[in-house]
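Following: one structure in structure tokens, then a few remarks.
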Amino acid sequence: MCISLFLRIFARMNTDELSGKRIAVLLSGGVDSSVVVYELARLGLHPDCFYIRIAPEENEGADWDCSAEEDLEMATAVARKYGCRLEVVDCHREYWDRVTRYTMEKVRAGYTPNPDVMCNRLIKFGAFNEKRGHDYDLIATGHYAQTEWIDGMKWLTTSPDPVKDQTDFLAQIYDWQLKKAIFPIGHMTKEELRETAEREHLASARRKDSQGICFLGKINYNDYIRRYLGEKPGDIVELETGNKLGEHRGLWFHTIGQRKGLGLGGGPWFVIRKDMDSNTLYVTRGYEPEKAYKSEFGIRDFHFLTLPELPTDITFKIRHTPEYHRGHTTKTADGCYTIRSEEPIQGVAPGQFCVVYDSNHHRCYGSGEIAL
């Protein structure tokens, strides 16, 4: 290991915080969590490893968890390599009862939910903690994020890899979950992590990054929705003229700002609005239609990670991208917030999480649900 990277590990991972602590690693079998075990082993630590099993119902078929067997094989190999104990923890029922229920309730109401965000809060740092994590002082995961103690308070802070940064997926965890969380690879870029995995001959070194919904293998998101809500055909209507352009198979398969997958000619077309009462999907045409952009929107039920107030000048995200938007907050009479962006943003959809950071997009304050 080069000296500069070795020093960065010790700088980012506070050894005083780790010393004498019982550490649980959530080991998925992917390359990210595998390097977590390596990084802790480099510090002379021998954490217990846990593979969280999210299996399908018996009558749902193998496609819903088709990669689980390979995942477990990889996790077993990594744990064995570093002399760590590996235990399988079944959180199947909790996932389907909590995360799936949340997702289906939101999409049925016309919102755009994020199952992965709630999976971190309800499963990785939730159900796992109820079953096994409560026996440990710290829970380590392979997220690209960091934590820092600033003025006696623990903050969730961003990764140096803007493309892989996952603080937006962690912005809904509870404060007590943040206090238990450590992210040993958060200081690394993906390139550095891959190089480490190759050099250490980790079994998962050349595995591709997982895609799709957390824990659900190769499942397509629309198939996930269709499995529980089915289809509900309705009209696709041009907003400006009221002309019917075609039919959709269910409003829950579409989100505000969507451009692809509409099956309409003469476009491009953008989804502008969903009318749940009439089951109508409204679209507008153009390459950069003004109606597809917003500069101001509200957020409700803001979930604070460290401090109970937002600063006036902020940066924020409304989706998982490397870019941050600059904006300003105003607290409303009902305790919610209004976000005013310095530039118009395409595809602002109700139900999305708006994740708020400081003006340097370093410290994450938390996230709230967009309300239009």
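Compute the distribution of all C-alpha to C-alpha distances in the range 73-115, in bins of 5 Å from 0, and list the percent of pairs in each, rounded to whole numbers.
Calculated over all Cα pairs of the range 73-115, the distribution is 5, 19, 16, 11, 10, 11, 12, 9, 5, 1 percent.
Report P(r) for the range 219-314: all Cα-Cα distances, bin width 5 Å, range 0 to the bin holding the largest distance, values in whole percent.
2, 11, 19, 18, 14, 12, 10, 7, 5, 1
I'm a student and want to see the number: the projected area of the Cα convex hull of the range 213-372, averaged over all directions, in nm².
11.3 nm²
For the chain, what is the accessible area per residue in Å² when the probe is 1.4 Å?
46 Å²
What part of the accessible area of the chain, given as a whole %, is carbon or sulfur when the probe is 1.4 angstrom?
The nonpolar share, carbon plus sulfur, comes to 47 percent.
Going through the cross-link list K106/K291; K124/K179; K106/K180, which pairs have a Cα-Cα distance over 18 Å in this structure?
Pairs exceeding the cut-off: K106/K291; K106/K180.
Would you mind computing, in nm to one decimal, how far apart the modelled labels at H201 and D275 are, each placed 7 Å from Cα along Cα→Cβ?
6.6 nm
Counting Lys and Arg as +1 and Asp and Glu as -1, each charge on the Cβ, what is the dipole of the range 58-214 about the Cα centre in debye, to the nearest 20?
Dipole about the Cα centre, nearest 20: 240 debye.
Using only the Cα atoms of the chain, construct the convex hull and provide its projected area averaged over every direction, in square nanometres to one decimal.
Taking the Cα atoms of the chain, their convex hull projects to 19.7 nm² on average.
Run the quick spin-label model on D209 and E130: label points 7 Å from Cα toward the beta carbon, then report their separation in nm to one decimal.
According to this spin-label approximation, the distance is 3.1 nm.
Please state the shape class of the range 66-169: rounded when a/c is under 1.5, otherwise prolate if a/b exceeds b/c and oblate if not, all from the C-alpha gyration tensor.
Oblate, since a/c reaches 1.5 and b/c is not below a/b.
So how much slack lies between E240 and T332, counting 0.36 nm per residue of separation and subtracting their Cα-Cα distance, in nm?
Additional length available on full extension: 29.9 nm.
Starting at the first residue of the range 259-270, write each ³J(HN,Hα) from the Karplus equation 6.51 cos²θ - 1.76 cosθ + 1.60 with θ = phi - 60°, in whole Hz, x for Gly and Pro.
Rounded to whole hertz, the list is 10, 9, x, 8, x, 10, x, x, x, x, 10, 10.
For the range 323-372, give the magnitude of the charge dipole about the Cα centre (Cβ charges: +1 Lys/Arg, -1 Asp/Glu; no others), in debye to the nearest 20.
120 debye
Under the Karplus relation 6.51 cos²θ - 1.76 cosθ + 1.60, θ = phi - 60°, what is the ordered set of whole-Hz ³J(HN,Hα) values for the range 86-92, x standing for Gly and Pro?
Listing the rounded values in order: 10, 10, 8, 10, 8, 10, 4 Hz.
Choose one answer from K260, K294, K154: the residue with the largest mean-square fluctuation in a GNM of the chain with alpha-carbon springs under 10 Å.
Highest fluctuation of the listed residues: K260.
The values are calculated or read from the model by the stated rules, or taken from the named source; none is laboratory data. Note that the structure is predicted; figures quoted are calculated from it, not measured. Because the Cβ atoms are built from the backbone with ideal geometry, glycine has one as well, and the counts that use them run over all protein chains shown. We work out accessible area using only protein heavy atoms, side chains counted, and drop any ligands, DNA or RNA first. Shrake-Rupley method; radii C 1.70, N 1.55, O 1.52, S 1.80 Å.
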